[in-house]
Amino acid sequence: MFSRKVQGTGVALITPFRKEGSIDFNALTKLVEYVTSNGVNYLVLMGTTSENPVLSTDEKSAIVSHILEINNGKLPVILGMGGNNTIDLKNNIAKYDFTGIDGILSVTPYYNKPNQKGLYNHFKVIANECPVPVILYNVPGRTGANLTAETTLKLASDFDNILAVKEASGNLNQIMEIIQNKPKNFTVLSGDDALTLPLISIGVEGVISVAGQAFPKQFTEMINLARKGNFNSAKEIHYQLFELMNALFVEGNPAGVKAALNIMGIVENQVRLPLATVSRATYNIINKLIQENL
């Protein structure tokens with residue numbers, strides 16, 4: 001059942017780069033093995049955190065193939081497939097080989113700023129074309145368009161293969177309205193690391209996390225404890241990680257989590273333009289917090 005595959009902790013994987021800018025596939029192997037061995041529940045490929053916009057088509061294909069090979073069916077795999085050109089996205093879905101892919105994560109169209117009718121029809125086209133389950137991704141801070149609770153619920157009710165939403169609006173009223181009125185088989189996921197623990201208390205069933213790939217053991221334990229109702233123990237881990245989670249986003253994502261993974265010896269501290277690595281001051285803060293809390 002798809003809803004079980006995406007409950008708990010999913011991690012939005014970065015793309016490791018070498019200093020000269022090429023993809024570091026050895027580091028990518030190390031990262032996938034690291035998160036897998038530390039208990040995360042599923043992998044999310046080609047999301048915002050992967051620096052998807054600055055990867056070529058060939059690079060994206062190579063990264064997905066590499067991760068699928070390393071994963072070898074151990075964990076469910078969700079593939080980011082979104083865009084602001086609906087027809088182009090439909091055509092990409094139609095010709096894509098979804099072997100080894102359990103579902104897609106599709107972000108609301110960015111830059112165009114569609115209204116709710118446009119958003120509904122955009123996802124209608126995707127749902128009608130996609131052969132695997134669809135997770136809606138609402139992140140208005142990045143896209144400039146909010147997918148309202150009403151539109152989310154209509155999509156969830158009208159299409160059998162729209163089975164989840166990653167909610168990163170930060171709007172608790174909106175998220176609660178979705179949870180209260182959603183179909184039984186529809187899953188609501190957190191898109192904000194620092195809000196995940198309180199969101200689980202109101203019915204969210206998991207998270208697609210950035211910080212979880214740097215601290216997978218602790219983060220996954222927190223989620224598992226909370227989902228079992230042990231909020232006192234979960235709260236201890238939450239506050240252990242709280243400053244760290246915030247520090248990772250001070251200068252943007254994925255620059256912060258790449259700094260953390262570099263400190264931990266997993267990847268080089270490299271991003272591609274137009275992103276920039278975090279400042280030395282932020283790097284030192286992240287390093288200090290890691291040494292003190294992990």
### Summary
Scanning segment 204-216 for residues that are more than 17 Å from LYS5 (Cα to Cα) and not in a helix (DSSP H, G or I) gives VAL210, PHE215
### Task
With the checklist (1) touching a residue at least 60 places away in the same chain (Cβ under 8 Å); (2) touching a Pro at 6+ places or on another chain (Cβ under 9 Å) in hand, flag the one item GLN218 doesn't pass.
(2)
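Take the residues in segment 221-249 that are of a type in the set (S, T, N, Q) and free of Cβ contacts under 8 Å to residues at least 12 places away in the same chain, then tell me which one is nearest to PRO16 (Cα to Cα). Steps first, please.
Applying the first criterion (of a type in the set (S, T, N, Q)) to segment 221-249 yields 224, 230, 232-233, 240, 246.
From the residues that got through so far, the ones that are free of Cβ contacts under 8 Å to residues at least 12 places away in the same chain too are 230, 232-233.
Details: ASN230: 35, ASN232: 36, SER233: 33 Å.
The residue in question is SER233.
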### Task
Keeping to segment 250-275, report how many residues are touching a residue at least 40 places away in the same chain (Cβ under 8 Å) and of a type in the set (A, V, I, L, M, F, W, C).
9
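Go through LEU163, LEU199 for me and flag whichever is in a strand (DSSP E or B) and either modelled with pLDDT under 95 or crowded, with 19+ Cβ neighbours inside 10 Å (or both).
Values: LEU199 fails: in a strand (DSSP E or B).
Going through LEU163, LEU199 in turn, just one is in a strand (DSSP E or B) and either modelled with pLDDT under 95 or crowded, with 19+ Cβ neighbours inside 10 Å (or both): LEU163.
The values are calculated or read from the model by the stated rules, or taken from the named source; none is laboratory data. Quantities reported herein were computed from a predicted structural model and do not represent experimental measurements. Note that we place each Cβ from the backbone using ideal geometry, even for glycine, and neighbour counts take in every protein chain shown.
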